[in-house]
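Worksheet: the structure to be examined is printed underneath.
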Amino acid sequence: MRKLVAAIACRNTSSRLFAKPLHNLDIANNVTILDYLLHLLQKIPCISDIVLGISEGIENEIFKDYARKHKIRFIVGDEKDVLHRLILCCEKAEGTDVFRITSESPFTYFEDIGAAWNSHLKNDNDATFMDNVPDGSNFEIITLEALKKSHNQGEDKHRSELCTSFIRENKKQFKIELRDVPPALQRLDLRLTVDYPEDLILCRAVYENFKDKAPLIPLKEIIEFLDLNPALVRLTSQFCEEGYSTMYK
C-alpha cells in the first residue's frame, strides 16, 4: 500500500528573513505561513501524514514545540542535508513517497495534487513534478527509493536544499513526469514565496483578500488579483530572476 507523506523542511536561520515559516500571514488572528500550510495539507485526501524535517540548532527548537502543539510528527537532522531530512520524514511516517513543498511558500497549486498523485501511481513514476507555475506554488512527488538513490549516488551539492537536483540531472535513470500547466498559470513573472520582506507584504495582501477561502485559495484567482494590483507585483519583481535561476535544477 502506497503512502504519501508531506515532508516540510524547517529552519529559522536565513540571511534574508529570519524565521520565514513563522511570520504571520494574518497578523490580527496570528495565522503563520506554517499554520496555513498545515491547514491546507490536512484538506488534501491523498496526503496521509505530515512530518516536519527540523534543522539541528537551538534556534530551531521552536519547531519541535510547534509540532507537539499541532500533534504532528517531526524529525531533526543536518541543516545543510535537506535531502536526508526528507528521507527521515518519510521513514518516520512509514511512507513510500514524499510530497515536497517549502515551508515559506503558502499558496501551493493544490488543485492538481490529487490528479498528480493518481498519475504518479498509475504510471509508476519515480518523480512527478509540478513546475512552471509561480515560484512557491510548485510541488514535487518523489518515491522514497528515488530520494535514497539520489542521496547515495549524488554529491554534496545534491544533498542540499536542491533535493531533486540529482533526479533532474540524471533523467535517464528515473521515470519522471512533468505535469501540464494551464497557460494562464504559467506566470514566471510572479512570486508566491517568502524570502524577503517584500514577499511577505505581497503574500499578506493575497491572504487578506482571500481569507474567506483560506486555505483553499485557487491559484488562478491569486494571479488575477495580482494582475489587478501591479504595485504589489513590482515589490517582488526584482527577485524573480534570482529565484527562478535555482529552480528546477
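No lab work stands behind these numbers, since they all come straight from the coordinates. Being a predicted model, the structure only gives us computed values, none of them experimental. Here the Cβ positions follow ideal geometry from the backbone for every residue, glycine too, while neighbour counts run over all protein chains shown.
Structure summary
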read-out: Extension gain, ALA115 back to ALA184 (0.36 nm per residue minus Cα-Cα distance, nm); value: 23.0 nm
read-out: In the range 1-84, the chymotrypsin sites (Phe, Trp or Tyr not before Pro) that fall in loop regions by DSSP, at most 12 other Cβ within 10 Å; value: PHE18
read-out: Projected label distance in nm at GLU94 and ASN152, using a 7 Å step from Cα toward the beta-carbon; value: 2.3
read-out: Positive-end extreme of charge dipole, the chain - chosen from ASN123, ASN30, VAL194 (charges on Cβ); value: ASN123
read-out: Net charge of neighbours whose Cβ lies under 13 Å from the Cβ of LEU188, counting Lys and Arg as +1 and Asp and Glu as -1; value: -3
read-out: Nearest-0.05 FRET efficiency for LYS71 and GLU241, computed from C-beta distance (R0 51 Å); value: 0.80
read-out: Net charge of neighbours whose Cβ lies under 9 Å from the Cβ of LEU25, counting Lys and Arg as +1 and Asp and Glu as -1; value: -1
read-out: Rounded Å value of the spacing that divides the Cα centres of the range 94-115 and the range 63-87; value: 16
read-out: Amide H within-cut-off set for GLU79, under 5 Å, with H built and near neighbours excluded; value: GLU56
read-out: Longest to shortest principal axis, alpha-carbon extents of the chain, angstrom; value: 45, 42, 33
read-out: Loop GluC sites (Glu not before Pro), the range 16-125, which have at most 11 other Cβ atoms in a 10 Å radius of their Cβ (DSSP); value: GLU94
read-out: Where labels lie 7 Å past Cα in the beta-carbon direction, separation of THR13 and ASN30 in nm; value: 2.9
read-out: Computed FRET value (nearest 0.05) for GLU169 with GLN42, which takes r as the C-beta separation and R₀ as 30 Å; value: 0.35
